[in-house]
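I have placed the structure first, in the form of structure tokens, so that the comments after it can refer back to it.
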Amino acid sequence: MKKMIIKKVTAKSVKDSRGEKTIQVIVKTSKGRFKTSAPCGKSKGRFEVKSYAKNLENDVDFINCLKIDFIIESFEDLKKIEKLVIGQIGGNSLFALEASLLKALAQEKGKELWEFLGGVKIPRSVGNAIGGGLHSKVVNRRKPDFQEFLFIGNGKTFKENVKINKKAYKLAKKFLKSRRRNDEGAWETDLGNEQVLEIMNKIKDELKKKGLKIDIGLDIASSSFYKNGRYYYKNPAQKLSKSEQINYIKKLIKKYNLLYVEDPLNENDFSGFRGLIGKNYLIVGDDLTTTNPERLNKAIRMQAINGIIVKPNQIGSLLKVKKVIELAKKYKIKTIMSHRSGETKDNIIADLAVGWDCDFIKTGIYGSVRKAKLKRLIRIEKTK
Ligand code: 2PG
Ligand code: MG
């Protein structure tokens, strides 16, 4: 087989779904042009790598001057790239660069990206239906403290699960009487955290009558309302210590039969996470672990989580993303490939989720940037 010749690598700034600037990297080979735009988080974890080394413009300039005069033949060859750019660009830029190189490489080998990466498993869809926290605006001066109220369809196929989540999303609109959507296309509301959970359970029951199964999850994103050892709730108001927060979340898991709880404690509180681990539900690290192998190792040592969010641009290096997934699998920690709140129509996370056999993909329900990933997964499922 002929070797992949990289003719040109270019970068530029494009807009994401929030209208904010992000980086796009384009790799040109004899097989075509392969581009990837990086997403952008709003409720970013303190331990994420910086999106750009100095700023977006500098990263763009750096990539535009990049000379790749070595051969890239395998996934592992990304090491050569990382050696070349280390310390010079941020997580968004490294992710976009490596992702475009992988897309080019898969094409060179005549394979779909998920196929090239070697995966077979179709994940379950986790969809944000109702929002609060940093991603939502207030309604009548109120909003839920929890960032995401998630539906997780439990049908036989990905396509069916997308439909189930969509049905639940429509019912949520009806029950909430909401008309406004947030950054991720989730409904905004003035209802309190538990009032929303009540509605979600009502929706679950409605769907059950139609023979459809669905699970409920939360991204509490608790670092956004944590300060000096206390969790400051507004809707309804309450101030909880660490142990009170643990007991409160335990109560919610039981009362509302939650399958999935993301970031229930502050982003550095490994022992707090551990206090919540149980049998039939997932305690998921996002800001806690930031797709960083070292932080995952700590979470494993502390037995802090049984689920981990995987957001490639939190760490930038796809070699490290793969390492995180492998490590998680070794310790039976469920993997959740995830979008960011600011997204583009790029759908690579669908291929990465299948390619690396992730258990779930969290990529929303409503909006073109969310649907781009869902559609890609439905297509992969169909052609597999
Ligand atoms: C999260 C994400 C995505 P952000 O907290 O899980 O929903 O938010 O991209 O703003 O970090
Ligand atoms: Mg999160």
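The values are calculated or read from the model by the stated rules, or taken from the named source; none is laboratory data. All values reported here derive from a predicted model rather than from experimental measurement. Using ideal geometry, Cβ is built from the backbone for each residue, glycine included, and neighbour counts are taken over all protein chains shown. Please note that ligands, DNA and RNA were not included when accessible areas were found on the heavy atoms of the full protein model with its side chains. Shrake-Rupley method; radii C 1.70, N 1.55, O 1.52, S 1.80 Å.
Here are some notes:
- Qualifying residues in the range 245-272 (those that are of a type in the set (D, E, K, R), out of contact with any Lys or Arg (no Cβ under 9 Å at 6 or more places or on another chain) and open to solvent by 10 Å² or more (accessible area, probe 1.4 Å)) - the one nearest to ligand 2 (Cβ to nearest atom): Lys250
- The set of residues from the range 350-371 being touching a Cys at 6+ places or on another chain (Cβ under 9 Å) and open to solvent by 10 Å² or more (accessible area, probe 1.4 Å) is empty.
- Only one of Ile349, Ile305 that is part of a loop (DSSP other than H, G, I, E, B) and within 15 Å of ligand 1 (Cβ to nearest atom): Ile305
- Residues located in the range 12-40, provided they are away from ligand 1 (no atom under 12 Å from the Cβ), assigned to a loop (DSSP other than H, G, I, E, B) and open to solvent by 60 Å² or more (accessible area, probe 1.4 Å): Ser30, Lys31
- For the range 315-335, residues that are within 16 Å of ligand 2 (Cβ to nearest atom) and in contact with an Asp or Glu (Cβ under 7 Å, 6 or more places away or on another chain) total 2.
- When the range 217-237 is filtered for residues that are surrounded by 13 or more Cβ atoms within 10 Å (Cβ to Cβ) and away from ligand 1 (no atom under 16 Å from the Cβ), the ones remaining, listed by number, are Arg230, Tyr231, Tyr232, Tyr233, Lys234, Asn235.
- Checking each residue in the range 223-266 for being in a loop (DSSP other than H, G, I, E, B) and closer than 20 Å to Val138 by Cβ picks out Asn235, Pro236.
- Among the residues examined, Ser43 does not qualify as assigned to a loop (DSSP other than H, G, I, E, B), polar (S, T, N, Q), modelled with pLDDT of 95 or more and surrounded by 14 or more Cβ atoms within 10 Å (Cβ to Cβ).
- Odd one out for Phe146 among (1) part of a loop (DSSP other than H, G, I, E, B); (2) more than 22 Å from Tyr248 (Cβ to Cβ): (2)
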